[in-house]
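J.: First, the structure itself, so that you have it in front of you.
Values quoted throughout were computed directly from the atomic coordinates according to the rules given, and no laboratory measurement underlies them. Treat the numbers as computed from the prediction; the structure is a model and nothing was measured. Positions of Cβ are backbone-derived with ideal geometry, glycine not excepted, and every protein chain shown enters the neighbour counts.
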Amino acid sequence: MLVVDDDESLQNLFKLFLKKIGFSRVVVGTVKEALAALEKQKFDLIFLDLKLPDGPADDVYETARAGQPDCPIVIITGYPDSDMLDRILSKGPITVLKKPLKVEQLKTTVRILGHKEAVKLAA
C-alpha cells in the first residue's frame, strides 16, 4: 500500500493503522518520493493527498494509472472543491476521503476496496 501525504500526523495515523491490519506500507510526503516508489514496485491500494509540497498530485495519479491501471486510488483532501480534484474525477470514478481522516473511514474504505480480511484484524 502506498500513502502519499506530507502531513506528519496523518502519516503516523496511516502507519499505525496499516501495521495493525498487517499491510506492508510505503509512506511518503512528496511527488518525487511517490513517483520513485511507483517506479520500484506495484501496490494494491494507493492513498493520495492532492496538495503536496513539490508539485501537483495529478502527476502521481497519472503515473499510477498508467503503470497500475487496476490499482484503486483513494484521494485524501482538505480541499474537496479544487480544480485538481475536478481534473482527476473527469478521468474516471474515484474514491475521495475528506480530511480530517478518522480510523473508521480508513477501515471502511479498505474493506470496500476488497481487503475484508485485513480489516477484521483492526476490529
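J.: Given only helices, namely DSSP H runs of n ≥ 4 each adding -39500 (n - 2.57), what is the per-residue ellipticity at 222 nm of the chain, to the nearest 500 deg cm²/dmol?
T.: Values: 6 runs with 57 residues, N = 123.
Helix-only estimate at 222 nm: -13500 deg cm²/dmol.
J.: Could you list S9, S82 so that the one with the fewest beta carbons within 10 Å of its beta carbon is first and the one with the most is last?
T.: The fewest-first ordering by Cβ neighbours comes to S9, S82.
J.: Once every Cα of segment 57-109 carries one equal point scatterer and solvent is ignored, give the base-10 log of I(q)/I(0) from the Debye formula at q = 0.21, 0.23, 0.31 Å⁻¹, two decimals.
T.: -0.82, -0.95, -1.29
J.: Here's a follow-up. Over all distinct Cα pairs, what is the inverse of the mean 1/r for segment 2-121, reported as the Kirkwood hydrodynamic radius in Å?
T.: For segment 2-121, inverting the mean 1/r across all distinct Cα pairs yields 14.3 Å.
J.: Related question: Please order V96, V3, V110 by the number of other Cβ within 10 Å, starting at the fewest. Spell out each step's value before the answer.
T.: Values: V96 13, V3 26, V110 23.
With the sparsest Cβ surroundings first, the list reads V96, V110, V3.
J.: How many lysine pairs are close in the chain, with Cα atoms under 14 Å apart and the two 8 or more places apart or on different chains?
T.: 13
J.: Under a point-charge model restricted to the Cβ atoms of Lys and Arg (+1) and Asp and Glu (-1), what is the dipole moment magnitude of segment 1-66 relative to its Cα centre, in debye to the nearest 20?
T.: Details: 9 positive and 12 negative charges, 90 e Å.
Dipole about the Cα centre, nearest 20: 440 debye.
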